[in-house]
Amino acid sequence: MNFNNEKAIYLQMVDRLCDEILAGTYKADDRIPSVREYAIMLSVNTNTAVKAYEHLAREGVIYNKRGLGYFVSEDARQHILDVRRRDFMEKRLPEVFREMRLLSISIEEVEGEYEKRMNQA
């Protein structure tokens, strides 16, 4: 995984695991790689992976079964969607609207581009 300098590595790991849950790689009650396995997979320090897993556990995305490892929580997917949608609506979308205003881009132009791209998928 290529990490960027804009965000802490453990948070980028959190995002990646959340992406994998949203993509269906890990479903509710699936076991995820151990902290050590994930650290090796991403070539990061084990302590960084621990921090990522602890963050996800605090958020209720994963849970620990003592001696068995970490598992995806039952409502993890919905929780991730809720958090990301809220973040998009409160942080990213206002910036998009600001750019649209500065560049004189209408909502109709955006809708047209959206439809075009959705038809490509």
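For the reader, a short list of remarks on this structure follows.
Residue-by-condition table, conditions (1) of a type in the set (Val, Ile, Thr); (2) buried (at least 20 other Cβ atoms within 10 Å of the Cβ); (3) in contact with a helix residue (DSSP H, G or I) (Cβ under 8 Å, 6 or more places away or on another chain):
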{"site": "40", "(1), (2), (3)": "yes, no, no"}
{"site": "50", "(1), (2), (3)": "yes, no, yes"}
{"site": "53", "(1), (2), (3)": "no, yes, yes"}
{"site": "56", "(1), (2), (3)": "no, yes, yes"}
{"site": "64", "(1), (2), (3)": "no, no, yes"}
{"site": "71", "(1), (2), (3)": "no, no, no"}
{"site": "75", "(1), (2), (3)": "no, no, no"}
{"site": "78", "(1), (2), (3)": "no, no, no"}
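- Which numbered condition residue 11 fails, given (1) in contact with a His (Cβ under 9 Å, 6 or more places away or on another chain); (2) within 30 Å of residue 111 (Cβ to Cβ); (3) of a type in the set (A, V, I, L, M): (2)
- Pairing residues of region 93-119 that are of a type in the set (S, T, N, Q) with residues that are surrounded by 11 or more Cβ atoms within 10 Å (Cβ to Cβ), at Cβ distances under 9 Å and at least 6 apart in sequence or on separate chains, gives 106/100.
- Residue 98 out of contact with any strand residue (DSSP E or B) (no Cβ under 8 Å at 6 or more places or on another chain), closer than 27 Å to residue 26 by Cβ and open to solvent by 70 Å² or more (accessible area, probe 1.4 Å): no
- Of all residues in region 3-32 being of a type in the set (Gly, Ala, Ser), out of contact with any strand residue (DSSP E or B) (no Cβ under 9 Å at 6 or more places or on another chain) and farther than 16 Å from residue 49 by Cα, the one that is least open to solvent (accessible area, probe 1.4 Å): 24
- Region 1-54 - residue that is touching a residue at least 24 places away in the same chain (Cβ under 8 Å) and acidic (Asp, Glu) and, of those, farthest from residue 76 (Cα to Cα): 30
- Residue within region 75-92 that is among the small types (Gly, Ala, Ser), touching a Leu at 6+ places or on another chain (Cβ under 9 Å) and in contact (Cβ under 8 Å) with a residue 12 or more places away in the chain present: yes
The values are calculated or read from the model by the stated rules, or taken from the named source; none is laboratory data. Please read all numbers here as calculations on a predicted model, not as lab measurements. When we count neighbours, we look across all protein chains shown, and the Cβ atoms used for this are built from the backbone with ideal geometry, even at glycine. Remember, those area values only see protein heavy atoms, side chains included, never the ligands or the DNA or RNA. Shrake-Rupley method; radii C 1.70, N 1.55, O 1.52, S 1.80 Å.
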